[in-house]
1. If I go through region A:190-215 residue by residue, how many of them are open to solvent by less than 40 Å² (accessible area, probe 1.4 Å), more than 17 Å from A:Met273 (Cβ to Cβ), away from every other protein chain (no Cβ under 12 Å) and among the polar types (S, T, N, Q)?
2. Give region B:66-83 a look and list any residue that's touching a Gly at 6+ places or on another chain (Cβ under 7 Å), open to solvent by 20 Å² or more (accessible area, probe 1.4 Å) and of a type outside the set (D, E, K, R), or say none.
3. I'd like the residue in region B:428-438 that is at the interface with another protein chain (Cβ under 10 Å from one of its Cβ atoms) and surrounded by 17 or more Cβ atoms within 10 Å (Cβ to Cβ) and, out of all such residues, is nearest to B:Asn394 (Cα to Cα).
4. When you go through B:Ile402, B:Ile362 one by one, which is the residue that is crowded, with 24+ Cβ neighbours inside 10 Å and either within 8 Å of another protein chain (Cβ to nearest Cβ) or touching a helix residue (DSSP H, G or I) at 6+ places or on another chain (Cβ under 6 Å) (or both)?
5. Condition first: within 14 Å of B:Glu117 (Cα to Cα) and in a helix (DSSP H, G or I). Now tell me which residues in region B:16-30 satisfy that.
6. Restricting the first residue to region A:132-156 and requiring it to be more than 10 Å from chain B (Cβ to nearest Cβ), which pairs with a second residue that is part of a helix (DSSP H, G or I) and of a type in the set (D, E, K, R) meet a Cβ separation below 6 Å and a spacing of at least six or different chains?
7. Given the structure, is A:Phe346 farther than 30 Å from A:His508 by Cα and either open to solvent by less than 10 Å² (accessible area, probe 1.4 Å) or in contact with a Phe, Trp or Tyr (Cβ under 6 Å, 6 or more places away or on another chain) (or both)?
Amino acid sequence: MFVGAIFFPLLGAFISGFFGRLLGDKVAQWTTVLCMVLAAVCGVSAFMQVAMGGHPETIVLLRWMDVGGLQVNWALRYDTLSVVMVAMVTFISTLIHLYSVGYMSHDHTIPRFFAYLSLFTFMMLMLVTADNLAQLFFGWEGVGLASYLLIGYWYEKDSANKAAMKAFIVNRVGDLFFMLGLALTFLTFGSIEFPVIFAAVAQHTNDTYLGINSIELIGVLLFLGACGKSAQLGLHTWLPDAMEGPTPVSALIHAATMVTAGVFLMARMSPIMEYAPTALMIVTVVGASTALFAATIGCVQNDIKRIIAYSTCSQLGYMFFAIGVGAYQVAIFHLFTHAFFKALLFLGAGSVIHAMSDEQDIRKMGGIWTKIPVTYLVMWIGNLALAGIPLFAGYYSKDAILEAAFAAHSGVGTYAFVCGIIAAFLTAFYSWRLLFLTFHGKPRADHHTMEHVHESPAVMLVPLLLLSVGAVLTGYVFAPYFIGELEHDFWHGAIFNGAHNHIMHAMHEVPEWVALAPTVVGVAGIALAFVFYMLAPALPRALANGLRPIYLFLLNKWYFDELYDFLFVRPAMWLARVFWKVGDAKLIDGMPNGAAALAADVGRGAVRLQTGRVANYAFVMLIGVVIFVSLFLYSLFKGA
Amino acid sequence: MNPGFPLLSLLTFLPLVGAAIILSVRGEEKVVAQNARWTALWTSIIVFLLSLALWFGFDKSSAEFQFTEEVDWLPDFGIGYHMGVDGISVLFVLLSTALTPLCILASWESIGTRVREYMISFLVLETMMVGMFCALDLVLFYVFFEGVLIPMFLIIGVWGGPRRVYAAMKFFLYTLAGSVLMLLAILWLWYNAGTTDIPELFAYEVPRAVQGLLFFAFLASFAVKVPMWPVHTWLPDAHVEAPTAGSVILAGVLLKMGAYGFLRFSVPLLPFASAEYAPLIFALSVVAVVYTSLVALAQQDMKKLIAYSSVAHMGIVTLGIFTFTPQGLSGAIFTMLAHGVVSGALFLCVGVVYDRVHSREIARYGGVAKVMPGYAVLFMLFTMASIGLPGTANFVGEFLVIIAAWKVNPWVAAGGASGMILGACYMLYLYRRVVFGKLEKPDLKVLADLSAREYVVFAPLVVLTIWMGIYPSSFLSFFEASVAALLARHEAALNVAKLAGM
């Protein structure tokens, strides 16, 4: 069961990837779906046994490396933290597989798509069940690879290729720090196996490296690694571009799973992070800033998927600052609920795009809510959950995060709380902006497209409805376990809270207005969107014109891409050319060539012996070899 | 295996027998060519199968030289015919014997002229390579080390591209010039130690004063072979002009000779100088990684790009060797092996499209994935392996080296690790321009996917790449004992000096 949850997807990927053309599209895709269903069954029963039953387990599969004290195994670590992820990933991935059967039905290389999806799922599962940093890195890079393949799935599109490369390379920047953090971990602890590290943290709290506390430095390096994967401020630029991939990919990778890897890593390393207060402060500030920053951009984007992508970025920011204030459990809870409603939103958006003949610009939609009622309904549910309206899943987790930030009673905690509240307002605003522009008002699409607007087939609607159930219920059902009174038994020590960290209790004892604030600003955001896009549609345009610089600044995503292009891409290409044309060709080759010319001049005047033809030299060397061999034979015979 | 059985000599000289058979074939040109191909293939396969005895018979727990053979050659001069392998060299022998049949198979159709001579060159090359890794006598080593140049020079100069003569010259002169200094170092050792036997030399303590000089003499030769920055410029030219199989051997085995030299001579014989000049090597290695990765980014020729990437990877190798830690050395050796497989495979990938389109220019391609899906998958696998994706061969080595480098100096580690990012940039950029994109050029639309023969060539490399990535222990275990012994000796030498100083 434990092994099955992880390896069924790999089996599916293998069958579909290598025998897809042999089996045909239908068989290949249903094989992967079947494998995913099996994995999900295993995953959920593992969840029952490990998290609900309280029986963590580690299964060692194979020795990976063993070099001079560095021992690394391939192993599956099942504790509550990983099993939550396993159950969530397998479940959502199964639904997305199912949805893709409908969504990708017109594609030409269906087995390839499903193989990539399953491969991605496998890598994510390897990541979350890793028992050491190296295997975690395997999954980490593996999801990077799979997302590269999926973003660039339509490889004939230049923009898709560019986005895929960008995703991989920006992720690699984070990975560099991950790698360095890993190296420092090994240097500090002499091991990269979780049980060994976690047991030894307390003894190493005073170690320093380069004059900096080692634990702090590990925390910061790993966090920078997490920034790459989880698209935090600075390394977020790949996420919106990643929307070039097919929509199910956006749902799976860029909402429910891959981007959460960074959050997972931080939670997994909680025993280390708890001893790294400065690192946690950095995490809080970056997370809070990201939450706000991404929300501001989300308000002005026009591509339906990009809006949701920025909202993902923003929600990840929430999770990070939850971790920053020490509320790992809350972060994971938000990760869990977010996976459901974000997958729902993306798949819903996919359903819209499907209906609108592949149109993604919300300015060209509108007036379709009667034609696709189910999609309309699920988008409402998703948005309600995202905005944190009471009783929906997001309410429980997002409220808890903001309460935890408030309860931290620290400077950065307050900063995070303020950013979080503003972002919550903006989130509600842009979510309903999306909803109103997409479904209401006069149709802005051309006549031909409007005629073809149709509800998606059942194979797509069933996953949507199931996810809606999740988006409604997961918060209410699981809150007691993740962050409530049953928290201690549920986590079973999978997440470590230091002796000084009382946030899990303090967050329940905040003033009433703090608990109420997110809901109030959420409703206010919805109201504002209603005014802007339903009552007075001229207002947003006037505002955009009036505050043109700000509008452009937001529309161009704070000019991050341009900045990076200027700072990194161009100089690198320039250096590359200079090194090649000047460094190699002129300087390095110049000297020997000059020396050769000089030698040739001297040689021409003086010696005729040297013919200057290398072939002759080779011949002379050959003779030399012959002489050596003869000498050898001679001595052999002499000996005999 | 019977201890008296001269297995290594057999491995070394059996290819020459094959070459002699090919030489003796007479008749119509076509028939001769076909016979030459088959003879060469069978010879190399037999050699490979025989060399498997090393894989199974090698005692991994021992750091001693095994399968040794010793015959007096020039006893008056203290020079003997001494062969043997230890954990460091044994896998390189296997790498050489494994790559040769693949190369011969890869040249099956692409070489149409002077097939007989080509196959003879390849077999002679195999003799030299295997001999070099087995030699336990400095003079013998030198003979093989230089002997490798001859067939390689011919392969590039005769069957190469349009600028083959320039490239062959450059290759030859660069590598030869370095070796002259090494010859002086060997003479010095022989003169002072009275022997050229390598195990005996290990016991000889080179006076501290001359260690530096000898170190640079060896460095001159090995740095060119590795190649280290800034003596790397011969490599791109040689690769570009060499035929595909030539590039495979060049990248797969010949580049390893320099690093092998460091491991075999510089580090054990000259512990002080090695420790003293390690920072210099670090500097050169980091420059190699960053500089050549950037240069690779700007290339417009596929082979040149991969050639530059080789220089960057070898930077990781030299970095690892001079960390003097078990992880660093094991990582370096593993990277050498992995690079031998992966870059060899990448050159074969280039060869596949070159055989069809006869161009190495990147801009000439685009959208190949559409017509050659099988090829696209393989190319992707090796691209990812080159980038060092975990689960593939290169990762393990790179990972170990970076961990080791961090112990020595974090900036060196960061510099070495920056290759992770840059490597991803140039390889993905290459892949995107060749395989992805819209298939627009009319002559590309009719390209055939891989043939059965090509699949056969790639299959072992695919298996090795993944095997080395998932279960590297089966390779790491070979050199663990030898690396530990090497390090123990290195530290002991340094400690003795410290005690003497007190």
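The values are calculated or read from the model by the stated rules, or taken from the named source; none is laboratory data. The shown structure was predicted, so the numbers you read here are calculated from the model rather than taken from an experiment. FYI the Cβ positions are ideal-geometry reconstructions off the backbone, even for glycines, and counts take in every protein chain you see. Accessible surface is based on the protein model in full, side chains and every heavy atom, while ligands, DNA and RNA are left aside. Shrake-Rupley method; radii C 1.70, N 1.55, O 1.52, S 1.80 Å.
1. Selection size over region A:190-215: 0.
2. Listed by number, the residues that qualify are B:Gln66, B:Phe67, B:Thr68, B:Val71, B:Gly78.
3. B:Leu428
4. Numbers: B:Ile362 fails: crowded, with 24+ Cβ neighbours inside 10 Å.
Testing whether each residue is crowded, with 24+ Cβ neighbours inside 10 Å and either within 8 Å of another protein chain (Cβ to nearest Cβ) or touching a helix residue (DSSP H, G or I) at 6+ places or on another chain (Cβ under 6 Å) (or both) leaves just B:Ile402.
5. Of all residues in region B:16-30, those within 14 Å of B:Glu117 (Cα to Cα) come to B:16, B:18-26, B:29-30.
Those that are within 14 Å of B:Glu117 (Cα to Cα) and in a helix (DSSP H, G or I): B:Leu16, B:Gly18, B:Ala19, B:Ala20, B:Ile21, B:Ile22, B:Leu23, B:Ser24, B:Glu29, B:Lys30.
6. Every condition considered, the pairs that remain are A:Ile151/A:Glu244.
7. Details: farther than 30 Å from A:His508 by Cα: yes; either open to solvent by less than 10 Å² (accessible area, probe 1.4 Å) or in contact with a Phe, Trp or Tyr (Cβ under 6 Å, 6 or more places away or on another chain) (or both): yes.
Against the criterion (farther than 30 Å from A:His508 by Cα and either open to solvent by less than 10 Å² (accessible area, probe 1.4 Å) or in contact with a Phe, Trp or Tyr (Cβ under 6 Å, 6 or more places away or on another chain) (or both)), A:Phe346 qualifies.
Each row is one residue, and each column tells you yes or no for (1) of a type in the set (Lys, Arg); (2) crowded, with 16+ Cβ neighbours inside 10 Å; (3) closer than 20 Å to A:Gly624 by Cα.
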position	(1), (2), (3)
B:Val143	no, yes, yes
B:Glu146	no, yes, yes
B:Pro151	no, yes, yes
B:Tyr166	no, no, no
B:Val180	no, no, yes
B:Ala185	no, yes, yes
B:Arg208	yes, no, no
B:Met228	no, yes, no
